[in-house]
1. Are any residues in the range 225-266 in a strand (DSSP E or B) and within 17 Å of the chain's Cα centre (by Cα), and if so, which ones?
2. Can you name every residue in the range 253-269 that is within 14 Å of the ligand (Cβ to nearest atom) and either open to solvent by 100 Å² or more (accessible area, probe 1.4 Å) or under 18 Å from ASN98 (Cβ atoms) (or both)?
3. Here are some residues: ARG83, ARG89. Which one is open to solvent by less than 60 Å² (accessible area, probe 1.4 Å) and of a type in the set (Lys, Arg)?
4. Of all residues in the range 34-48, count the ones that are open to solvent by less than 40 Å² (accessible area, probe 1.4 Å) and more than 25 Å from THR186 (Cα to Cα).
5. Condition test on ALA193, is it part of a helix (DSSP H, G or I), within 16 Å of the ligand (Cβ to nearest atom) and within 13 Å of the chain's Cα centre (by Cα)?
6. Which residue out of ALA200, ALA161 is within 13 Å of the ligand (Cβ to nearest atom), more than 27 Å from ASP105 (Cα to Cα), surrounded by fewer than 16 Cβ atoms within 10 Å (Cβ to Cβ) and assigned by TED's automatic domain parsing to the domain that holds LEU82?
7. Scan the range 13-28 for residues that are hydrophobic (A, V, I, L, M, F, W, C) and either outside any loop (DSSP other than H, G, I, E, B) or in contact with a strand residue (DSSP E or B) (Cβ under 7 Å, 6 or more places away or on another chain) (or both) and report the count.
8. Could you list, in sequence order, all residues of the range 212-252 that are more than 12 Å from the ligand (Cβ to nearest atom), farther than 26 Å from LYS185 by Cβ and exposed (fewer than 14 other Cβ atoms within 10 Å of the Cβ)?
Amino acid sequence: MIKKVSVEKEKCIHCGMCLNDCILGVLEFDENKNPRYRENGENLCLACQHCMAICPTGALSFGDKNPANSIETGNYDSDEFLRLIKSRRSVRKYKNENVPKDKLDKITEMLKFSPTGCNKDNLHFSVVETKEKMEEIRKLTYEKSISSKNPTPSMETAKQAFQNGDDIIYRGATSMVAVAIDKSKTVPGCETADPIIALAHLDLYAQSLGLGTLWCDMALIAANEIPEVYSLLEIPENYSLNYILLLGVPAVKYKRTIQPERFSIKLLK
Ligand SMILES: Cc1cc2nc3c(=O)[nH]c(=O)nc-3n(C[C@H](O)[C@H](O)[C@H](O)COP(=O)(O)O)c2cc1C
């Protein structure tokens, strides 16, 4: 990421919003009230691009990012968004077909917008996009768990279910997304939060696209326990696998929401 704020001076109305919104205060006005980096500001800058996002006239560019290439923010239908949250379900039955490419493209585009604690380029997503690749992972998982002399309790359960014809790990999903984090580019706390936030965004967005998802401990265990499965995910060196979300075209449709009990919530005055 090139950290360079540049100003189209004829567009700048010198309102100072970019300065006020800058999380680390790395911007200042020059003698003509145009924003610029303070001394050492460029090094401290988190590259969050808030300055470009907030500028009312689109006067600020950030490196090669031009405000004309951003999309306008809007007004959102919060009731519809809440309905999506309430309607999201874990899907354990999938059609034996690939997730349409245009939907996967939308998902990979969306992932760029997931917030991270240090605003660093610290996440990696391995996206299994074909049912053939998924089948390779599935086959290897069960072959290895069946041949394993000392499977862990979860793998023992999976092994037995598979012998009865049940894929209780991948549930017939034709895609999955594994998220990994570059630990050298994060701080404690963010290393657990960043990947999960990304998958939580993906979970809801995928369901808004009509896809099914499943947070999958079993798949994570399989990847961590079976080196051959881990290597099929092509997690880059220096990254550690954090979580896996299964994805596919659902073979079930839920007609209504569930009616969960509230979590413990205490309102503090
Ligand atoms: C972190 C996490 C891990 C999960 N792991 C699995 C799993 O390995 N296998 C599975 O079938 N479901 C798994 N689930 C799905 C939960 O069992 C599911 O959320 C729960 O049954 C409630 O259903 P709902 O998501 O439709 O509300 C997991 C869910 C979460 C949040």
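The values are calculated or read from the model by the stated rules, or taken from the named source; none is laboratory data. Small disclaimer: the values here were computed from a predicted structure and weren't measured. As a convention, Cβ positions derive from the backbone with ideal geometry for all residues, glycine included, and neighbour counts pool all protein chains shown. Ligands, DNA and RNA are excluded from the accessible area calculation, which covers all protein heavy atoms including side chains. Shrake-Rupley method; radii C 1.70, N 1.55, O 1.52, S 1.80 Å.
1. Selection gives TYR239, SER240, LEU241, ASN242, TYR243, ILE244, LEU245, LEU246, LEU247, GLY248.
2. From the range 253-269, those within 14 Å of the ligand (Cβ to nearest atom) are 253-261, 263; that's our starting set.
The answer is LYS253, TYR254, LYS255, ARG256, GLN259, GLU261, PHE263.
3. The unique qualifying residue is ARG89.
4. Count: 2.
5. Yes, satisfied.
6. ALA161
7. Step one: filter the range 13-28 for residues hydrophobic (A, V, I, L, M, F, W, C), giving 13, 15, 17-19, 22-24, 26-27.
Checking which are either outside any loop (DSSP other than H, G, I, E, B) or in contact with a strand residue (DSSP E or B) (Cβ under 7 Å, 6 or more places away or on another chain) (or both) leaves us with 17-19, 26-27.
Matching residues across the range 13-28 total 5.
8. GLU228
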